[in-house]
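Novice: Supplied in C-alpha cells, the structure appears directly below.
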Amino acid sequence: MKTKIVYSEKCLGYGTWHVEGPQRVKAAHEVLQAKGYEFMEPTPANDEELLTIHDADYLFNVKKGLVEDSDTPAYDNIYQFARLSVGGALLASKINGFSLMRPPGHHVGRNGAALGVYTRGFCYLNNIAIAVKESGKHTLILDIDGHHGNGTQEIFQGDEKVVYVSLHQSPNYPGTGNFTEGNCINFALPANYGGKRYLETLDKALGMVDLAKFEAVAVSAGFDTHQGDLATLGLVEQDYFEIGKRVALLKKPAFFVLEGGYVGEKVGLDIDSFLRGYEENL
Ligand SMILES: [Zn+2]
C-alpha cells in the first residue's frame, strides 16, 4: 500500500524570496500527485503539544514574531505556519505517513538555536521531535538530511527513549555533529561522498543501534544530499530507493517528516523513489 502524504497548501503561504521557499514543496506535491499518492490535510498542533519540547518563553517569542536571525526571518504569522507543520508531523506519526510540509524543524532546539549555533537554519519548531515525544514510544530517529540536526540532537541527547542517527555533509552548516555522543550517532561526510559509500556508512550506523529496544522509526527526510543541492553528498534518485529499503528492513512502524531539499521537482522524485524502496521491502 502506498504511504499517505500529509500536505496542506497553506504551507505555501510565506517566504517566496527565500531559498526555503514554497516552490520546493509545491513542485514536490505536483510530482507526487501525478504519481497517484493520496493526501491528507493536517490540523495545527496546539500549545500543549508544542510545550512537550519547546519552552514557553520561546513559543511566546515565535508567536509574537520576535525571533529573527540572518537565515530564519520572522515572517508574518510564522507561528501559524510552524504549528501547522508540526501538525503534519503529528499526523504522519499517527498514520505512518510522510509529512510534506514546511517550515522544516531539525535545527531548532528547546529555545531556538541549538548546540551553540546562532541561527536556526530555516526552522521554527522541531516538528519531528514533537511528534516523537507525543508518541511516547522508544524511537530511532534517522536524520538523512544533508545537514546535522543540531536541534534534534540537543533535545534528545541523554534521553533513554531515543537514539538519533545522522549522516550529513561536513564542513557545512551548522558545523555540529562531528562525532558520536552517547545516544547521538553522527557521521560527518565530505561533499560528493557518493551513493555507494553513503549506503555502506548508513549500514554501519544502523548496525550500531540495538534495534530490539525500539518500537518505532522516525525519519527526518531531507533531500539536500542530492547531487548539486545545498548539502550534496552526490546522491541520485536511485540512492533514495536504497535508503527507503534500509528503513523497511528495520521492521518497525515508521513515519517521515520533510526537512531540506531545495530543488522541488527533484525532491518529489526523490521522495517517490524513497517510498518505493520502503514499500517494496516491507
Ligand atoms: Zn538540510
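Novice: Among residues belonging to segment 245-265 that are in contact with a strand residue (DSSP E or B) (Cβ under 9 Å, 6 or more places away or on another chain) and small (Gly, Ala, Ser), point out the one that is farthest from the ligand (Cβ to nearest atom).
Specialist: Filtering segment 245-265 for residues that are in contact with a strand residue (DSSP E or B) (Cβ under 9 Å, 6 or more places away or on another chain) and small (Gly, Ala, Ser), the one farthest from the ligand (Cβ to nearest atom) comes out as ALA248.
Novice: Working only within segment 46-86, note down all residues that are over 20 Å from the mean Cα position of the chain (by Cα) and of a type in the set (D, E, K, R).
Specialist: ASP47, GLU48, ASP55, ASP57, LYS63, LYS64, GLU68, ASP69, ASP76
Novice: For the structure I just gave you, tell me whether GLY105 is among the small types (Gly, Ala, Ser) and either within 16 Å of the ligand (Cβ to nearest atom) or in contact with a Cys (Cβ under 6 Å, 6 or more places away or on another chain) (or both).
Specialist: It is true that GLY105 is among the small types (Gly, Ala, Ser) and either within 16 Å of the ligand (Cβ to nearest atom) or in contact with a Cys (Cβ under 6 Å, 6 or more places away or on another chain) (or both).
Novice: Still on this structure, please answer the following. Can LYS213 be described as modelled with pLDDT under 95 and away from the ligand (no atom under 16 Å from the Cβ)?
Specialist: In short, yes.
Novice: Within segment 1-110, which helices (runs of 4 or more DSSP H) (wholly inside it) include 2 or more residues that are at pLDDT 95 or above and acidic (Asp, Glu)?
Specialist: So the answer is 47-50.
Novice: I need a count of the residues in segment 17-58 that are within 17 Å of GLY151 (Cβ to Cβ) and without any contact (Cβ under 8 Å) to a residue 60 or more places away in the chain.
Specialist: Residues flagged as within 17 Å of GLY151 (Cβ to Cβ) and without any contact (Cβ under 8 Å) to a residue 60 or more places away in the chain within segment 17-58 amount to 4.
Novice: Please verify whether segment 184-200 includes one or more residues that are more than 16 Å from the ligand (Cβ to nearest atom), more than 17 Å from the chain's Cα centre (by Cα) and among the hydroxyl-bearing types (Ser, Thr, Tyr).
Specialist: Checking segment 184-200: not a single residue is more than 16 Å from the ligand (Cβ to nearest atom), more than 17 Å from the chain's Cα centre (by Cα) and among the hydroxyl-bearing types (Ser, Thr, Tyr).
Novice: Oh, and also: Scan ALA221, ALA231, ALA205 and give me the residue that is away from the ligand (no atom under 15 Å from the Cβ), within 23 Å of ALA89 (Cβ to Cβ) and modelled with pLDDT of 95 or more.
Specialist: After applying the criteria, what remains is ALA205.
Novice: Something else about it: Here is a list: ILE130, ILE141. Which entry is crowded, with 21+ Cβ neighbours inside 10 Å and part of a helix (DSSP H, G or I)?
Specialist: Exactly one residue qualifies, and that residue is ILE130.
Novice: Can you tell me which residue is surrounded by the fewest Cβ atoms within 10 Å (Cβ to Cβ) among those in segment 255-270 that are touching a helix residue (DSSP H, G or I) at 6+ places or on another chain (Cβ under 6 Å) and part of a helix (DSSP H, G or I)?
Specialist: The extreme case among them is GLU265.
Novice: Could you grab me the full set of residues in segment 144-163 that are crowded, with 22+ Cβ neighbours inside 10 Å, more than 15 Å from the ligand (Cβ to nearest atom) and free of Cβ contacts under 8 Å to residues at least 40 places away in the same chain?
Specialist: Within segment 144-163, PHE156, VAL162 qualify.
Novice: Here is a further query. For the structure I just gave you, tell me whether ALA129 is closer than 18 Å to GLY222 by Cβ, away from the ligand (no atom under 12 Å from the Cβ) and either within 15 Å of the chain's Cα centre (by Cα) or not hydrophobic (A, V, I, L, M, F, W, C) (or both). Steps first, please.
Specialist: On the way: closer than 18 Å to GLY222 by Cβ: yes; away from the ligand (no atom under 12 Å from the Cβ): yes; either within 15 Å of the chain's Cα centre (by Cα) or not hydrophobic (A, V, I, L, M, F, W, C) (or both): yes.
Against the criterion (closer than 18 Å to GLY222 by Cβ, away from the ligand (no atom under 12 Å from the Cβ) and either within 15 Å of the chain's Cα centre (by Cα) or not hydrophobic (A, V, I, L, M, F, W, C) (or both)), ALA129 qualifies.
The values are calculated or read from the model by the stated rules, or taken from the named source; none is laboratory data. Worth saying up front: this structure is predicted, and the values here are computed from it rather than measured. Neighbour counts are summed over all protein chains in view; Cβ atoms, including those assigned to glycine, are modelled from backbone coordinates with ideal geometry.
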